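Reviewing the structure listed below.
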Amino acid sequence: MFIRLLLLLLLFATSATAQQSYTRHLRALYGKEERTYDPDRRFSVEELREDYALLRRAIEEAHPGLYWYTPKARMNAAFDTSARQLDRPLTEEEFRLALSPLIAYLRCGHTGVFLSKKAERYFKKNRPKLLPFETGFYTGKLYVTENRSQDSTLRVGTEILALDGKPADLLAAQMRAIIASDGFNQTFKNVRISSNFPGYFRLIHGPRDTVSVTVRDSAGVVRNLRLTHLRPDSTGVLPKILGQPAPNTPQSKPLEPPQRPRKSERRRMLRFLSADSLGSTPPVALLTVSTFDDHGYRRFYRRAFREIERRGSQSLIVNLRANGGGYSAAGRALLRYLMDSSFRFSRSMVAPKKRLSFGRHLNEKTTRFFVRNVFSKKRPDGTLELKSGDDFTKPTRRFHFGGDVYVLTNGGTFSAAAITAADLQTHRNAVVVGRETGGGRWGCNAAYIPFLTLPNSKIRIRFPLYRVLTDVPGPNLGHGVKPDHEINYTIRDVLANQDLDVAKAMELIRKKVEKTRETTRRQEE
């Protein structure tokens, strides 16, 4: 144990030093790189095919999710279809668009197509023109959730019917075709579209100075508007065209919050709600965990569950909506306070092979060396397994919560957060309320995820190396954690800032409290 800890510290120190050196190198070249990057540059057919050949070789050699949901014959047909599209010179953006359907066909939400480093720096200084509004999906329709245009008649809550004559349903289908999700899940794709509709529209249909928008207002009146594209100011954040889900989803954030919460509260927060109007029962604890992708969680959990115990709460609502995952250790730390016996966060974490022929095109070489040579072991069949992938963890004794657990999920509940929800539903009999998680119930491809940089275009492919299987019985049906009580929002619910998920959990808790009281009364009689 001591040796592993020492190696881990060495790993972090080496990685930090390498990152600092790399950052200094970029700063030294930053001005020159920005001036020389040309978004209109077209790569030759030979360059594109060379990049594509490397990508296909890497996927077929080492992607842990290959053929998990798509048979080999159909996957080969998808490879061939993508290759035939490379018959003319393309810009980086056009090449990314050409690769995206193939990546989506892998049905892995952790695999994605990203801008090259130079393009990323360029667009941070030279903001692209985007649609001047944000959107959200509710009851299968697309609505305006924020108006950034100069047309004040475009009100929040207006339904979008078409853009430049293209129906909203068609636009959404085009976007879903280039967004990868775990298995056959759709809630993750809807969250991604809702969080960055302007970015996807620009990627598919290109930049435009104006756009024609057909809308229908709350009174049912259909209108056509001509809007000017929004050019974000230089202080804004460049939308991620393809990447992880946004930290919030429309169902979990008010459109006009009265007060912006502190950064720490956006990560983790504990509140208490009254279980009845008289306050005669212990309060219900509402624990919101918005990310597993940072540190400080152990101290927070200890303090939170100590307070839950002090208040005498018998019911706990764990809000994992919009939690995009992160460190599995963070999910495991939370489960330690909730599980009744020793548990496994995952059943296994396995990579198809150890030696990679394309390793020089992957980043984080030092980290990868330790992960694959120190923290992994080779199995008899030639695959590579993370040693900690099937570890059992004991629950905590102090401040352990033994009451009823309710879990809130939606399409933004992804990766380690989805695994946490699956473990609670399966092994803790937790009641799940909300919508299907974006992350797979039976597993995903994750654990360690470097970037594969294509040599000519420099496009980056987020490339997971291990398949993570959850400790959940049964065959993989290719979906996320299905809620025990599914809740769907209308645009009216959103405009009214209603949290129907919490309301449903509280309703279930109150019914149980009333049933317990009735049972006790009958026994006393």
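The values are calculated or read from the model by the stated rules, or taken from the named source; none is laboratory data. Treat the numbers as computed from the prediction; the structure is a model and nothing was measured. Neighbour counts are summed over all protein chains in view; Cβ atoms, including those assigned to glycine, are modelled from backbone coordinates with ideal geometry. Ligands, DNA and RNA are excluded from the accessible area calculation, which covers all protein heavy atoms including side chains. Shrake-Rupley method; radii C 1.70, N 1.55, O 1.52, S 1.80 Å.
To keep it simple, each residue is scored yes or no on (1) modelled with pLDDT under 90; (2) more than 23 Å from K458 (Cβ to Cβ); (3) among the acidic types (D, E); (4) open to solvent by 40 Å² or more (accessible area, probe 1.4 Å).
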| residue | (1), (2), (3), (4) |
| --- | --- |
| V113 | no, no, no, no |
| S116 | no, no, no, no |
| A119 | no, no, no, no |
| N126 | yes, no, no, yes |
| P132 | no, yes, no, no |
| F137 | yes, yes, no, no |
| K141 | no, yes, no, yes |
| V144 | no, yes, no, no |
So is N445 of a type outside the set (G, A, S) and surrounded by fewer than 19 Cβ atoms within 10 Å (Cβ to Cβ) or not?
no
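Is segment 224-233 home to any residue that is of a type in the set (S, T, Y), over 30 Å from A78 (Cα atoms), open to solvent by 20 Å² or more (accessible area, probe 1.4 Å) and touching a Lys or Arg at 6+ places or on another chain (Cβ under 8 Å)? It would help to see each step written out before you state the result.
So in segment 224-233, the residues of a type in the set (S, T, Y) come out as 228.
Still in the running and over 30 Å from A78 (Cα atoms): 228.
Among the residues that remain, those that are also open to solvent by 20 Å² or more (accessible area, probe 1.4 Å) are: 228.
Still in the list and also touching a Lys or Arg at 6+ places or on another chain (Cβ under 8 Å): none.
So far as segment 224-233 goes, no, none of its residues is of a type in the set (S, T, Y), over 30 Å from A78 (Cα atoms), open to solvent by 20 Å² or more (accessible area, probe 1.4 Å) and touching a Lys or Arg at 6+ places or on another chain (Cβ under 8 Å).
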So which strands (runs of 3 or more DSSP E) are wholly in segment 422-484 and hold at least 3 residues that are touching a residue at least 24 places away in the same chain (Cβ under 8 Å) and under 23 Å from Q186 (Cβ atoms)?
431-434, 443-446, 466-469
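Every residue, every condition in (1) open to solvent by less than 10 Å² (accessible area, probe 1.4 Å); (2) of a type in the set (S, T, N, Q); (3) at pLDDT 95 or above, yes or no:
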residue	(1), (2), (3)
T413	yes, yes, yes
A418	yes, no, yes
V432	yes, no, yes
P455	no, no, yes
K458	no, no, yes
F463	yes, no, yes
V481	yes, no, yes
R492	no, no, no
N497	no, yes, no
Restricting to segment 187-213, and then to whatever is closer than 15 Å to K141 by Cβ and in contact with a helix residue (DSSP H, G or I) (Cβ under 9 Å, 6 or more places away or on another chain), can you tell me which residue is surrounded by the fewest Cβ atoms within 10 Å (Cβ to Cβ)?
I193
Would you mind telling me which numbered condition in (1) small (G, A, S); (2) in contact with a Pro (Cβ under 9 Å, 6 or more places away or on another chain); (3) at pLDDT 95 or above S149 fails?
(3)
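For segment 36-81, enumerate the residues that are among the small types (G, A, S) and in contact with a Pro (Cβ under 7 Å, 6 or more places away or on another chain). Talk me through it step by step, then tell me what you get.
Residues of segment 36-81 among the small types (G, A, S): 44, 53, 58, 62, 65, 73, 77-78.
S44, A62, listed by residue number.
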So for segment 70-83 (the condition being touching a helix residue (DSSP H, G or I) at 6+ places or on another chain (Cβ under 8 Å), more than 28 Å from G439 (Cβ to Cβ), open to solvent by 20 Å² or more (accessible area, probe 1.4 Å) and aliphatic (A, V, I, L, M)), does at least one residue qualify?
yes
Just checking, which of F401, F392 is crowded, with 17+ Cβ neighbours inside 10 Å and under 29 Å from the mean Cα position of the chain (by Cα)?
F401
Going through segment 500-525 in order, the residues found to be touching a residue at least 40 places away in the same chain (Cβ under 8 Å) and closer than 24 Å to A417 by Cα are D501, V502, K504, A505, M506, L508, I509
Subset of segment 146-186, residues in a loop (DSSP other than H, G, I, E, B), open to solvent by less than 50 Å² (accessible area, probe 1.4 Å) and closer than 15 Å to R216 by Cβ, comes to L154, G157, T158
Going through segment 485-501 one residue at a time, which ones are farther than 20 Å from G438 by Cα, in a loop (DSSP other than H, G, I, E, B) and touching a helix residue (DSSP H, G or I) at 6+ places or on another chain (Cβ under 9 Å)?
Q498
Can you pull out every residue in segment 17-55 that is open to solvent by 60 Å² or more (accessible area, probe 1.4 Å) and either at pLDDT 90 or above or touching a Leu at 6+ places or on another chain (Cβ under 9 Å) (or both)?
D38, D40, R41, R42, E46, R49, E50
Would you pick out the residues in segment 420-430 that are open to solvent by less than 10 Å² (accessible area, probe 1.4 Å) and among the polar types (S, T, N, Q)?
T420
Run K387 past the list (1) open to solvent by 10 Å² or more (accessible area, probe 1.4 Å); (2) in contact (Cβ under 8 Å) with a residue 40 or more places away in the chain; (3) of a type outside the set (D, E) and report the number of the one that doesn't hold.
(2)
Check off (1) modelled with pLDDT of 95 or more; (2) at positive phi for A322 and give me the number that stays unchecked.
(1)
